[in-house]
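Heads up: the structure comes next, in structure tokens.
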Amino acid sequence: TSAALTLLGGSVAAVVVWKWLGKKMIQKKMEEARKTRDEGLKKMAKAVQQFREQVPSVQTDVILSLPLLGLTERLREGSLSPKTVLYTYLEKVSALEVNQQTNCLRHFIPECEEQLQEIQRQKEKGLLYGIPVSIKDHIGHKGHLSTCGLVRGLDTLMKEDSVLVKVLKRQGAIPFAMTNVPQSLFSYDCSNPIFGQTLNPFNHLKSPGGSSGGEGALIAGGGSILGIGSDIGGSIRLPSSFCGLCGLKPTAERLRWVLGIWHIHLLNVGICSCSIAVPCALGPMARDVDSLALCMRALLCEEMFRLDPTVPPIPFNWEVYCSSTPLRVGYYDTDGYFPLPPCMRRAVKETRSALQAAGHQLVPFSPPRIPYVMTELFLKTLFADGGRAWLDVFTGDIVDPSLKPQVNSFKIPRLVKKLLALLLKPLVTTPPPPKDVAVISTCRSVKEMWNHHHQIQAYRSEFITRWKELHLDVVLCPILGPAFTTGYPGKLLTAISSTMLYNVLNFPAGVVPVSTVTEADEEELKRYQGCCDDPWDRKLKQAVSGAVGMPVAVQCVALPWQEELCLRFMKEVETLSRER
């Protein structure tokens, strides 16, 4: 007996030591990654200093204030040099103003200086000639990591540029920075254990959104004029809403989607079937709609179609974007699932009035069955296996505090989840709909999975039929916001119904800032009760409070493959909001 106890005690001790050594190894890897990033930023700062010594009379404020179209014009005519523009933006990033305040950068791309030389040798100046561009962490760049905020992503450098980066470079752009993301990308906050929490540049108590939160913070802070993000539930649109930017989620297949190694793993293994049923999309983020349109025009070129024949060879239609024909606009200010704060509904109402006054025809529109879409289509797609494969992604990793509520909910045994669903069923036959991911049903067989995919296709047909019956061109609707206090997105995963709908549908959808939170909005928020003043409604109220002066946005939507029309509508909304 004593021998058995000794053996048991020794085994327990060995497990404890093994776990301790594993944790120390993880911490060492994370420290090395942070050290590498900091050394890169120091090199950036040193290069900027050398440039300033050589060219002391740069009009920094003038360059940083130019919109993208104005900057491209100055670069093409030669009144500004690509080197001057690049180092002006590098200085803005490396100065205390942006990165050290928001922690938005994951890595500086030193090869930007090589690309600077390369564009001088190009026979023709591309549409993005000399433009510094930032890219999200997981978009592959040769010689750099694609981490997704995971320690296991620190081991593999990308062997070549992704198709998107190749096309950007061919159009004369200069990728100069990779931006921070939430761990595993599956969050609309922006925090991971390796590089830490990214903050909103307008209020450091607030999140920049996610998962393209580093892009949102960098562009809104003035450190980048154009960025590329990705979106599978709102990951371009939510940071755009939280940070006061314009952002476009195109139809997923419109741009080549080449991933970093760990994002491939997350989509194909960790989040099961979502890459088939609810596809992920790449898209631009910037300070105005014209910038988005120029980026799309640059990317939708022969080089993109040549490098990836699976991308439909549909060039950007500039005529549609520049059209001034009055539009027939469907609108709604709530989806009936997760009621948004008063300021976001106010934004839709004011924009609707402005559009009507400008000669557009406004038609009430009600998106069908959003609770069903959220629980039975979107969340069931992402967590078809009950979240088990997603949990496997964190094996040998430290879970970020912002993700712990989600991780813990998926660790609940399936039997307990079934009992919870059974107990809650009498309560959810009428509103409020279930808002806890722990009770979402799963796909238990291949047959059930394919039936689930069929249900998504059937819903898309139902939605398009309703759209066509009303003869709509576009739809105006709300977007989640204003910016949440950090830590709250992980507690309110199902609050993203406003954005996830258009991932399920695979419609192009964009965000335009139209206002800011007022004192009156804050007062009205005190009376907000949401759907039924349940715990989620109360959390939402806490998440968005204290946001006076923060950006308020609306969402603009078009039918699949009509990005140009979506952008044209966004431009109209932007123009009218600026006039107001």
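Taking residues in the stretch 290-305 that are among the small types (Gly, Ala, Ser), and partners anywhere that are assigned to a helix (DSSP H, G or I), the pairs with Cβ atoms closer than 6 Å and at least 6 places apart or on different chains are Ser291/Leu68; Ala293/Tyr321; Ala293/Leu567. What are the residues in the stretch 468-487 that are farther than 21 Å from Ser353 by Cα and surrounded by fewer than 21 Cβ atoms within 10 Å (Cβ to Cβ), if any? Within the stretch 468-487, Lys468, Glu469, Thr485, Gly487 qualify.
Among the residues of the stretch 145-166, those identified as open to solvent by 10 Å² or more (accessible area, probe 1.4 Å), part of a loop (DSSP other than H, G, I, E, B) and not hydroxyl-bearing (Ser, Thr, Tyr) are Asp155, Met158, Lys159, Glu160, Asp161.
Among the residues of the stretch 106-115, just one is open to solvent by less than 10 Å² (accessible area, probe 1.4 Å) and part of a helix (DSSP H, G or I), namely Cys112.
Checking the stated criteria, Leu492 turns out to be modelled with pLDDT under 95, open to solvent by less than 50 Å² (accessible area, probe 1.4 Å) and in contact with a Phe, Trp or Tyr (Cβ under 8 Å, 6 or more places away or on another chain).
Within the stretch 444-457, the residues that satisfy the criterion of being within 30 Å of Val329 (Cα to Cα) and open to solvent by 50 Å² or more (accessible area, probe 1.4 Å) are His454, Gln455, Gln457.
Annotation note: of Ser402, Ser461, the sole residue that is within 19 Å of Asn503 (Cα to Cα) and either touching a Cys at 6+ places or on another chain (Cβ under 9 Å) or modelled with pLDDT of 95 or more (or both) is Ser461. Of all residue pairs spaced 6 or more apart or on separate chains, those with beta-carbon atoms under 8 Å, a first member in the stretch 209-235 that is within 23 Å of Tyr87 (Cα to Cα) and open to solvent by 10 Å² or more (accessible area, probe 1.4 Å) and a second member that is among the acidic types (Asp, Glu) and part of a loop (DSSP other than H, G, I, E, B) are Gly221/Glu97; Gly222/Glu97.
Being at pLDDT below 95 and either surrounded by fewer than 23 Cβ atoms within 10 Å (Cβ to Cβ) or part of a strand (DSSP E or B) (or both) is the filter here; which residues of the stretch 92-105 pass it? Matches in the stretch 92-105: Lys92, Ala95, Leu96, Glu97, Gln100, Gln101. Pairs are defined by a Cβ separation below 6 Å, a sequence spacing of at least 6 or placement on different chains, a first member in the stretch 37-53 that is β-branched (Val, Ile, Thr), and a second member that is part of a helix (DSSP H, G or I); the pairs so defined are Val48/Tyr87; Val48/Leu90; Val48/Glu91; Val48/Ser94. The residue that is nearest to Glu77 (Cα to Cα), among those in the stretch 114-128 that are acidic (Asp, Glu) and either in contact with a helix residue (DSSP H, G or I) (Cβ under 7 Å, 6 or more places away or on another chain) or modelled with pLDDT of 95 or more (or both), is Glu118. Among the residues of the stretch 539-546, is any under 23 Å from Asp290 (Cα atoms), buried (at least 20 other Cβ atoms within 10 Å of the Cβ) and touching a residue at least 60 places away in the same chain (Cβ under 8 Å)? Within the stretch 539-546, not a single residue is under 23 Å from Asp290 (Cα atoms), buried (at least 20 other Cβ atoms within 10 Å of the Cβ) and touching a residue at least 60 places away in the same chain (Cβ under 8 Å). Against the test of being touching a helix residue (DSSP H, G or I) at 6+ places or on another chain (Cβ under 7 Å), surrounded by 21 or more Cβ atoms within 10 Å (Cβ to Cβ) and of a type in the set (Lys, Arg), the options Arg568, Arg580 yield a single qualifying residue, Arg568. The C-beta contact set for the stretch 315-336 (first residue under 20 Å from Thr575 (Cβ atoms) and free of Cβ contacts under 8 Å to residues at least 60 places away in the same chain, second residue outside any loop (DSSP other than H, G, I, E, B) and open to solvent by 50 Å² or more (accessible area, probe 1.4 Å), distance under 7 angstrom, 6+ apart or interchain) comprises Pro326/Gln361. Residues of the stretch 33-62 that are touching a helix residue (DSSP H, G or I) at 6+ places or on another chain (Cβ under 8 Å) and within 19 Å of Asn99 (Cα to Cα): Ala33, Leu41, Met44, Ala45, Ala47, Val48, Thr60. Considering every residue within the stretch 170-187, establish whether at least one is under 26 Å from Leu68 (Cβ atoms), among the β-branched types (Val, Ile, Thr) and open to solvent by 10 Å² or more (accessible area, probe 1.4 Å). No, there is no match, as no residue in the stretch 170-187 is under 26 Å from Leu68 (Cβ atoms), among the β-branched types (Val, Ile, Thr) and open to solvent by 10 Å² or more (accessible area, probe 1.4 Å).
Based on what the data block shows, is Glu53 open to solvent by 70 Å² or more (accessible area, probe 1.4 Å), at pLDDT below 95 and out of contact with any strand residue (DSSP E or B) (no Cβ under 9 Å at 6 or more places or on another chain)? So Glu53 fits the description; yes.
Go through the residues of the stretch 502-520 one by one and say whether even a single one is touching a Pro at 6+ places or on another chain (Cβ under 8 Å), open to solvent by 40 Å² or more (accessible area, probe 1.4 Å) and either more than 25 Å from Ser230 (Cβ to Cβ) or in contact (Cβ under 8 Å) with a residue 40 or more places away in the chain (or both). Yes, some residue in the stretch 502-520 is touching a Pro at 6+ places or on another chain (Cβ under 8 Å), open to solvent by 40 Å² or more (accessible area, probe 1.4 Å) and either more than 25 Å from Ser230 (Cβ to Cβ) or in contact (Cβ under 8 Å) with a residue 40 or more places away in the chain (or both). Among the residues examined, Gly126 does not qualify as more than 24 Å from the chain's Cα centre (by Cα) and either free of Cβ contacts under 8 Å to residues at least 12 places away in the same chain or buried (at least 24 other Cβ atoms within 10 Å of the Cβ) (or both).
The number of residues in the stretch 48-91 that are among the hydroxyl-bearing types (Ser, Thr, Tyr) and in a loop (DSSP other than H, G, I, E, B) comes to 3. The residue of the stretch 377-396 that is farthest from Trp467 (Cα to Cα), among those that are open to solvent by 60 Å² or more (accessible area, probe 1.4 Å) and part of a helix (DSSP H, G or I), is Asp392.
Let's see how each residue does on (1) hydrophobic (A, V, I, L, M, F, W, C); (2) modelled with pLDDT under 90:
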position: Gly9; (1), (2): no, yes
position: Ala13; (1), (2): yes, yes
position: Trp18; (1), (2): yes, yes
position: Lys28; (1), (2): no, no
position: Gln49; (1), (2): no, no
position: Ile63; (1), (2): yes, no
position: Arg74; (1), (2): no, no
position: Pro82; (1), (2): no, no
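Ser65 meets the conditions (1) surrounded by 15 or more Cβ atoms within 10 Å (Cβ to Cβ); (2) under 20 Å from Tyr129 (Cα atoms); (3) small (Gly, Ala, Ser) in every case but one. The failed one is (1).
The values are calculated or read from the model by the stated rules, or taken from the named source; none is laboratory data. Everything numeric here is computed off the predicted structure, so don't read it as measured data. Here the Cβ is made from the backbone with ideal geometry for all residues, glycine too, and neighbour counts use every protein chain on show. With ligands, DNA and RNA removed, areas are computed over all heavy atoms of the protein, side chains included. Shrake-Rupley method; radii C 1.70, N 1.55, O 1.52, S 1.80 Å.
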